[in-house]
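The structure appears right after this line, and notes come after that.
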Amino acid sequence: MEKSCTLIVHFDKGTPALANEIKEALEANDVAAKIDALKKAIMLLLNGETIPQLFITIIRYVLPSEDHTIQKLLLLYLEIIDKTDSRGKVLPEMILICQNLRNNLQHPNEYIRGVTLRFLCRLNESEIIEPLIPSILSNLEHRHPFVRRNAVLAVMSVYKLPQGEQLLDSAPEIVDKFLSSEQDPSSKRNAFLMLFSCAQDRAINYLFANIDRIIDWGEQLQMVVLELIRKVCRSNKGEKGKYIKIIIALLNASSTAVIYECASTLVSLSSAPTAIRAAASTYCQLLLSQSDNNVKLIVLDRLNELKSSNREIMVEMVMDVLRALSTPNHDIRRKTLDIALELITPRNIDEVVMMLKKEVVKTQSGEHEKNGEYRQMLVQAIHTCAIKFPEVASTVVHLLMDFLGDTNVASAMDVVVFVREIIETNPKLRISIITRLLDTFYQIRAARVCSCALWIIGEYCLSLSEVESGIATIKQCLGDLPFYTITDEGDGQDSSKPIQQVNSTTVSSRRPAILADGTYATQSAALETAMSPPTLVQGSLSSVGNLRSLILSGDFFLGAVVACTLTKLVLRLEEVQTSKVEVNKATTQALLIIVSMLQLGQSSALPHPIDNDSYDRIVLCIRLLCNTGDEIRKIWLQSCRQSFVKMLADKQRRETEEIKAKAQISNAQPDDLIDFYHLKSRKGMSQLELEDEVQDDLKRATGEFTKDGDDANKLNRILQLTGFSDPVYAEAYVTVHHYDIVLDVTVINRTKETLQNLCLELATMGDLKLVERPQNYTLAPESSKQIKANIKVSSTETGVIFGNIVYETSSNVLERTVIVLNDIHIDIMDYISPASCADVAFRTMWAEFEWENKVAVNTVLQDEREFLTHIIKSTNMKCLTPPSALEGECGFLAANLYAKSVFGEDALVNVSIEKQADGKLSGYIRIRSKTQGIALSLGDKITLKQKGTA
């Protein structure tokens, strides 16, 4: 049976040393050979060999050596050899080493004394330690601090032994006296730790006797003081006030580690506004003063936790938090913006937006390669601010419109979506936005951004001058017509030649595109990069318009958008222009442009002809311009805008419902006690103590101290490991907390015999790792034992824990009994939580992620929405598809689900189902993720749950 080990050394099992070779080397006079032989002996012992014949050789030839390395290795050897027999009695030959240890403790060299004292800390045999106690105590007065600090630890370990109080009953008194006179910081820390562990009252007395000097103590001692405060306050909540004052004082310590621990301790012990404000302020200071990005991320996590529980205090700190944006790391910037956006109020919105605007301007000047990505984050943040507080939109919208031509397509797309929303929600800004958009339209280089900008121009150009400017801008960006020239057919090689030679990097390719519902469509799409200027043919424009370049690269989807925009503008021109001549002129020019695009699409000038969807749409525009009816006019000029308004209202309603759902969580019952702050007895308490007392009463009244979770849910986590008829009954309570799984196993001896060497042996499958080695226990008849096993988790996938219980009975020690345990399946749902992401981000991840698991729908449910609800509940995911898109009865449903794991992994699910003629549902559920484990585990879960409904 394996035993617990305090020493781990790498060992190459390929070339094990022979015991005889080691023995010869130890008997030789060569110091280097002895050192090498001792190392080999230690490695063999650590890997299960016993080598009993070496002990006497080492006593005779190694013990007398004066070499420090040999003495250090000798102590390691003595640490790992068996010092007791099978009955637990100390082996008689161990008396031989006692004299050597005593000599070491009185050695003139302080290093030998120190390492020997450290070795004694790991000895559990009181028979060996007892004769050495006088020597240990004498080392407390040694001149060298290295010896004194290890002597204190040795005293502590002796006192902690089962018979320690008999061996050294005056230890607390001795250490207390030692502490009052000691000057070395490490020795003081060890002495205080001893009192904290073994005589808490003495540690508290020493703390309050030296309360004025705490700020000058060493960092290590201050950390132990904080640990003591946490322990005392947990056991005795009534005395929190006086300890919190000590923590507040320690916030001025020179060590950043101490300051961080102080802030964490304050938050865990007190809810008083003064304490929380001090902790938040400390975290903000650390955020700015620390250069390590990992430290910044940890501090941001702490601030995020504070924001959840004490938002009103964190609101005051929002500008301090935003100063972390000066860090060039994107993870830190994203986290900072996420925290700040939840802290904006009417009082601080102007300051926050001003800060974000400054950061946007900085991204223009810097040459940093990820400036585009950072700008996109800032645009999204400003967008969120403008939605929550529409009055700030006017201060930012014009600045952001400078970035419509950004080479980072995602950033430019965010800007144009922001502009589209603001122009609808802020009617006062419409004229200025349209004017600015028409002025800057020529700078836009991405097809998707052009499409959205053209829609805005088509919908929001209302006055005569705006409509005419809109038509003129589009004509200018399209350049001269025709798009290509046809020469005489006899010219052979040059029979059909575009005005511009299309650059090879921007030629369209047929590729699958992912629609909003997750299904595939095929469209011609140009590469959304900045175009290199095409080669011009004689007689064309000297500067090429952006729309012309994109259409000549084969993007006919954009061509269809241009045709629709021109049609809308001409229809609106009919309403605002009194001159029929001007209207007819504009109509013919629009028709000429649209027909030219059709000709280009059907010519052999481009490698790919126009797609059917775009062709149909362009032809519809031609028909509409030739023959306009009032009903059609109403659809084109009003219905589109109404649909957009409805979409915005739907989005707003969903966000409002989410906020309401969060706010509806009940904190107090109607019959709870009300605490009257001013009627409280003050009893000479400071303001901080009074605040803390009031907050505690409030927590007690709102039930926060007693929220232990749902008892029924706890019972669900108890798993039976053995049968009721087995001689040993075992059950486990499984607690999953992020990266750790704790198994609390109750083992009951149901026999009339004593069970010896009972051991719970566990093994794991998947990304689970056992932390500790199993230990042996003795179980009396009909008694029980609680055994804890810790398991580390490294990724989101379904893991399995299996194992057995092994024991010997008192009647037959030689025979070992094995009881196989039921498997414990770790549920993937413990690591997954619902999350939100933008439509664009979902599609980007869907295209990038390489692991896909396709699960066929197999259920008895016959309603599409009921099945979707069941899948959402079973997988603990969030439906990204808005409810309005799922309404109606069409016999088909497609929805996107999204969740995030505690390890930061993304899980994407697309549900596509169809109702058959017989009423049954068919279709597929597709799961995509970056890692294989989460895709497979989620697929297994869905398969299991959808069958469970049958």
| request: For the range 266-413, give the percent of accessible area contributed by carbon and sulfur heavy atoms, probe 1.4 Å, rounded to a whole number. | output: 49 percent
| Taking all protein chains as present, what is the carbon and sulfur share of the accessible area of the range 92-205, in % to the nearest whole number, probe 1.4 Å? | 47 percent
| message | Just to check I understand the Karplus step: with θ = phi - 60° and J = 6.51 cos²θ - 1.76 cosθ + 1.60, what whole-Hz values come out for the range 466-482, glycine and proline as x? | response | 5, 4, 5, 5, x, 5, 5, 4, 5, 4, 5, 6, 8, x, 6, 9, x
| query | For residue 851, what accessible area in Å² do you get when you roll a 1.4 Å probe over the heavy atoms of the protein chains, rounding to the nearest 10? | reply | 90 Å²
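Please work out the average accessible area per residue across the range 544-666, using the 1.4 Å probe convention, and give it in Å². Present the calculation step by step, with values, prior to reporting the outcome.
Values: 6460 Å² over 123 residues.
With the other protein chains kept in place, the range 544-666 gives 53 Å² per residue.
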| field | Mean accessible surface per residue for the range 269-312, computed with a 1.4 Å probe while every protein chain stays in place, in Å² | value | 43 Å²
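Calculate, for the range 828-944, the solvent-accessible area per residue in square angstrom, rolling a 1.4 angstrom probe over the heavy atoms of the protein chains. Walk me through the numbers on the way to the answer.
Numbers: 5420 Å² over 117 residues.
I get 46 Å² per residue for this part.
Could you tell me what percent of the accessible area of the range 715-825 is made up of carbon and sulfur, with a 1.4 Å probe and every protein chain present?
Whole-percent figure for carbon plus sulfur exposure: 51.
Determine the gain in length on full extension of the stretch residue 920-residue 358; use 0.36 nm per residue of separation and subtract their C-alpha separation, reporting nm with one decimal. Walk me through the numbers before you get to the answer.
Working: separation 562, 0.36 × 562 = 202.32 nm, distance 5.77 nm.
Gain in length upon complete extension: 196.6 nm.
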| Distance from the Cα centre of the range 183-220 to that of the range 782-821, in angstrom? | 42 Å
| said: Using only the heavy atoms of the protein chains and a 1.4 Å probe, how would 844, 809 rank by accessible area, largest first? | reply: 844, 809
| Could you give the length gained on full extension between residue 60 and residue 630, defined as 0.36 nm per residue of separation minus the Cα-Cα distance, in nm? | 193.9 nm
| remark: One finds the C-alpha centres of the range 562-640 and the range 280-294 to be spaced, in Å, by 59 Å
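The values are calculated or read from the model by the stated rules, or taken from the named source; none is laboratory data. The structure displayed is predicted, hence computed values, not measured ones. Side chains are part of the model used for accessible areas, which takes the heavy atoms of the whole protein and leaves out ligands, DNA and RNA. Shrake-Rupley method; radii C 1.70, N 1.55, O 1.52, S 1.80 Å.
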